[in-house]
Each structure stands twice: as C-alpha cells, then as structure tokens.
Amino acid sequence: MIAEDQDITNVNNNSTRNLTSEYLRYMPSISTTHTNPKALALKAEFENQISALATPQDDPVYLVLHAKYNGTVFYDNETRASQKLFRVRAVQFVQSYTSGRLSCWEATCEPIYRDSTTGKYLVPHALMVEGSSVIQTNALVGYALAEYANGVDGDPTYLPWLDNYIDHFHTIILPAYARKMKPDLPSEASATKSPTTHPRGSAKDLPSTSKKDLPSKPKTSRTPKTSPPMDLPSKPKTSRTPCRPRKRFRSS
C-alpha cells in the first residue's frame, strides 16, 4: 500500500508515520501490453539509475597499487629470517582501531622459492593446505604500501620499502639466477684439435726422432723467488649495526 492510501484510509498509520522517503519502491507492471509506454520508459530509466548507484566503486588508491604491485616478486634483503623471497598475492586495506598502528594499504605476500629445473617461482608444499592449492593463512606476510598518518580522509603516505626490495631482486638476485641457468662453455684444454697434415704427405712419411738424438739441456738450479714481507695494517673490527625497523607484519 502506498503512502497516499495510508493517509486516506488511516491503515497502519501508527507504524508508518515515522517512515521517511529513504525507502525505494518498485511498482510492478501487471501487463506491459496495457501499460502506458511513457510509464515503461520511466521505469527503465529508474532501474538504470538505481543500478548505477548500487554499483560499487573501487578506491583510486587501490587501483594504482593493484596495477603496480599485484603478482610482483621481490627479495627482502633486510630481514634476518631465512625466507626472503616473496610474491605479492593481493592488495587490501587494513583498518586500524588503535592509536599505535595506522590504517594502511597492505601487500599480502606469499613465500616462494625458485625451481632450478623449470625456473618457476612456487609456494613450498609444506605451506599449502593439505589436499588443495590454498596457502595457509599463517604463512602470509604483509608489507605496508601506504599509510594514513592524518586519518583515512586525508591523502596517504606512500612507503618505499617494497620498491627497494623489488629493485634488489631485479638488480642482484635475478642476474644471479640467469648466470646459474647459462650452460658451461668448453675450455681450451677440453676442445678437440683437428690433426694437422703435412703438405707433402702424411705424418707416417716423416722421419721419427727419439729422445736420444736430441741434445740434452744443461740442468740449472733455480732458487725460489720469495717476496719481501709487507707490513699490512690490520683491519679494524667493526660492530654490525642493527637493521632499521620497517613495516612488516603477519596478516590476520
């Protein structure tokens, strides 16, 4: 029953008096053959407006971060953990409800290793859910990409750590993998030499000479060469500075 009928007949007036115009109501058509074409056109326009308003809109910051980092392989050269090679699995927003941690955009990453046979980057089987291709939740690691120091309504501050790890992977780790995959070239000693032939005949036609026919070389005594001792300054011992803190945490 529409609002006008309720006001006229006073039906359910007590329960509907506080209702506002925030509720949308779609009136069905019993027969499109006997419905005014103008009404049908207005209903179609109304449906298109509601569909456009109900369509979710992606955050522009998410679109930028997803296009840049999703699926990227990087090497964390600052961590002391044994696992250093990761791949970005997804980019998601982490809302903070405490003052000690800022809301941020996180790169949820999976630990991987490089298969020396195929050259592919795979997740270790020990970190997968048994009988499936799903990785365990506690194996995922999060790296902060951007954080909101002045609240989520302000502009985010982009963090440089993941970019540094990606650059380290492409400049140091990836060339090392390429050198391992390059086949070994034959050395000069192992290279086969083609036998040389004499222009007037084969080697069998040449006269053979024995060691007795050759003059003996006088023996000379060689004194080993010794280099004078050098006074080199001793290398001072330096204490290793601890790694600086970074935004890395386990995904919840």
### Query
Among F74, F46, F169, which comes first, second and so on when ranked by fewest other beta-carbon atoms within 10 Å?
F46, F169, F74
### Task
Please give the direction-averaged projected area of the C-alpha convex hull for the range 36-194, in square nanometres with one decimal.
20.6 nm²
### Label-to-label distance, nm, for residues given as T32 and M181 (7 Å Cα→Cβ offset)
5.7 nm
### Query
Any idea what log10 I(q)/I(0) is at q = 0.16 Å⁻¹ for the range 91-178, Debye with uniform C-alpha scatterers and no solvent?
-0.83
### Task
May I have the convex hull volume per residue, in Å³, for the Cα set of the range 31-99?
208 Å³
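The numbers here are math on the coordinates, done by the rules we state, and not lab data. Small disclaimer: the values here were computed from a predicted structure and weren't measured. Counting neighbours? That spans all protein chains shown, and the Cβs are built from the backbone with ideal geometry, glycine included.
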